[in-house]
């Protein structure tokens with residue numbers, strides 16, 4: 001109950017009883033209460049003018065890194081006897097050292113500062129205000145204020161370093177890179193033979209072929225290596241990622257960050273499409289700056305639901321035709337048609353699919369029913385993945401109990417050969 | 001200091017109330033008071049938030065009842081200058097010596113319970129000793145002022161007419177209402 005209100009009730013009761021019984025001693029009981037109230041009024045804060053500043057030692061950190069937040073509250077008004085300061089920390093951040101709350105006395109023109117360190121999971125955190133409750137020592141007059149501050153923190157997903165990821169899109173860019181371009185020229189890998197032309201290095205002469213055809217001299221041609229367009233698509237649909245209070249989405253983000261870094265390091269042009277509650281499109285680009293942009297957007301990505309994107313949606317106009325697409329999704333059987341259609345249109349598709357069956361099974365009891373259900377869902381998934389592979393889509397089925405580096409090394413470093421019968 | 005006073009003041013309050021009400025003559029009343037004192041202390045140990053306000057009401061109510069039922073009227077006629085009390089008609093009994101300090105202790109116990117909650121929110125790095133000292137100093141000032149006023153009320157007298165009593169009552173109600181409204185407005 002409100003303290004002044006409680007005191008006033010008590011005073012009124014005592015006055016009423018005192019006057020009703022004509023007992024001055026009962027009236028006298030109200031004296032300390034009245035004095036108490038008067039003392040509260042006498043020392044109540046007059047004009048509160050507090051200003052808060054917030055300094056973060058880093059605004060962009062990797063998951064697990066600590067950030068020191070320094071807060072300074074200055075009093076530009078009269079002296080304040082008791083100020084309770086509390087910083088609002090968004091959910092997802094945890095304090096590792098120091099304290100968010102302070103009870104202090106701030107003289108006129110004085111200031112108080114303190115620091116604490118936080119650590120958080122991937123995401124964007126706006127640190128916009130501090131709560132200040134100003135009062136006097138008796139705690140009767142209290143002023144609750146929100147002091148605005150500037151501050152934001154991006155906790156970026158961890159970036160795993162992969163040695164190489166082998167992709168082979170049908171179309172490459174003109175710039176040199178590491179993607180085999182299916183065209184002869186200077187390179188490393190043998191591509192074809194042609195008749196010797198002026199300017200060819202003598203070291204390129206294929207002596208074995210030349211010996212078989214004495215009238216001609218043949219030289220080796222090598223496969224050109226060029227940069228390519230890579231479109232990363234991150235599936236943030238609630239229905240595919242969330243299982244009760246657990247989410248497999250973080251695994252997709254981890255893989256997306258790792259592959260974006262690897263593709264960019266190889267000189268490719270990389271863009272990112274995220275869709276969950278809404279679509280977020282990171283325009284394609286090259287280099288470290290693009291890597292930062294992608295990590296920034298990945299830090300903001302949260303799974304969600306939208307009426308428009310219940311099904312897998314890939315806006316084709318965003319991706320150059322016959323370019324490389326990489327989809328990060330746990331997949332559901334309904335996704336097959338859309339993926340197959342993309343493949344038919346000439347896109348080279350790589351699907352990194354964190355396994356939702358084993359992920360969900362970790363969190364549920366091993367009952368007979370659950371084991372049977374798991375088997376059925378596992379069969380459905382196996383069939384779907386087999387169909388996708390049959391359509392010429394490279395699928396990496398990632399059991400999330402294993403490290404992504406292991407999976408990537410095993411399945412992504414080798415050149416992928418499309419099964420026979422698939423038109424490339 | 002506050003942590004000891006939090007328990008000491010309720011104990012003192014209950015002891016003084018018991019001593020003040022002893023003259024009423026009801027054993028059950030005294031037993032009830034002691035039982036409540038025990039609940040009060042247990043409530044403070046277990047941080048029951050409803051205990052301090054309830055204790056404040058009970059302490060003041062008990063003190064008012066004790067003063068009203070005290071059979072030993074004539075405190076002022078024995079110890080004071082005038083034969084009449086503040087508002088003229090009644091002379092308090094000897095229990096006033098115990099009951100007035102008892103309510104003061106109850107008020108301070110209620111205040112310290114709230115202050116203790118505020119202190120618990122502070123960080124270990126804050127300078128709480130200084131804050132505690134200033135708080136206790138203010139309570140001491142209040143205690144001295146209240147005692148002085150009580151002493152004046154018990155020793156001095158004036159005999160106003162009924163009209164003045166009514167005007168005084170209305171003024172006090174209006175004044176307190178204004179005061180509380182101001183404090184509530186400050187908070188909002």
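A short reminder: the numbers here are calculations on the coordinates, not readings from a lab. What you see is a predicted model; the values in this text were computed from it and never measured. Heads up, the Cβs are rebuilt from the backbone with ideal geometry, glycines too, and the neighbour counts pull from every protein chain shown.
Laid out as a table, the results:
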| read-out | value |
| --- | --- |
| Inter-probe distance in nm under a simple model that places probes 7 Å from Cα toward Cβ, at residue B:177 and residue B:156 | 2.8 nm |
| Listed residues A:279, A:11, A:133, most fluctuating in chain A (Gaussian network, C-alpha, under 10 Å) | A:11 |
| At R0 = 25 Å, FRET efficiency that the Cβ-Cβ distance of residue A:318 and residue A:286 yields, to 0.05 | 0.90 |
| Region A:213-282: Cα Rg divided by the 2.2 N^0.38 Å rule of thumb | 1.86 |
| C-alpha long axis of helix A:24-42 to longest principal axis of chain A, angle in ° | 40 degrees |
| Cα long-axis angle, helix A:287-300 against chain A (0 to 90 degrees, to the nearest 10) | 50 degrees |
| Segment residue A:380-residue A:95, length gained on full extension (0.36 nm per residue, minus Cα span) | 98.2 nm |
| Average beta carbon contacts from partner chains per residue of A:7-13, 10 Å cutoff | 6 |
| Packing rank of A:377-385, A:298-306, where each peptide gets the mean count of other beta carbons within 10 Å, highest leading | A:298-306, A:377-385 |
| Shielding by other protein chains, B:100-107, mean Cβ within 10 Å | 3 |
| Cα-based Rg of region A:1-154 normalised by 2.2 N^0.38 Å, two decimals | 1.45 |
| Calculated FRET efficiency for the pair residue A:190/residue A:170, C-beta based, R₀ 22 Å, to 0.05 | 0.60 |
| Highest to lowest packing among A:93-103, A:359-369, scored as the average C-beta count within 10 Å | A:93-103, A:359-369 |
| Candidates A:41, A:407, A:26, ranked by Gaussian network fluctuation over chain A, Cα under 10 Å, top entry | A:26 |
| Overall dimensions of region A:175-298 as given by Cα atoms, namely Rg and Dmax in Å | 22.3, 74 |
| Cα-based shape type of region A:149-220, given that a ≥ b ≥ c are square roots of the gyration tensor eigenvalues and the cut on a/c is 1.5 | prolate |
| Kirkwood hydrodynamic radius of chain A, from inverse mean 1/r over distinct Cα pairs, in Å | 27.0 Å |
| Radius ratio Rg over Rh of region B:1-65, counting only Cα atoms, Kirkwood formula for Rh | 0.98 |
| Peptide A:127-138 - average C-beta neighbours from other chains (10 Å radius) | 2 |
| Principal axis dimensions, largest first and in whole angstrom, of region A:104-215 by Cα | 109, 25, 21 |
| Per-pair calculated FRET efficiency, R0 = 30 Å: residue B:114 and residue A:46 via Cβ, rounded to 0.05 | 0.85 |
| Calculated diffusion of region A:312-414, Stokes-Einstein form, Kirkwood radius summed over Cα pairs, 4 °C and 1.567 mPa s, µm²/s | 87 µm²/s |
| Relative contact order (%) - criterion: Cα under 8 Å, at least six apart; region: chain A | 12 percent |
| GNM result for chain A, Cα springs below 10 Å: residue of A:255, A:108, A:391 fluctuating most strongly | A:108 |
| Of all DSSP beta bridges in the protein assembly as shown, antiparallel share, percent nearest 5 | 70 percent |
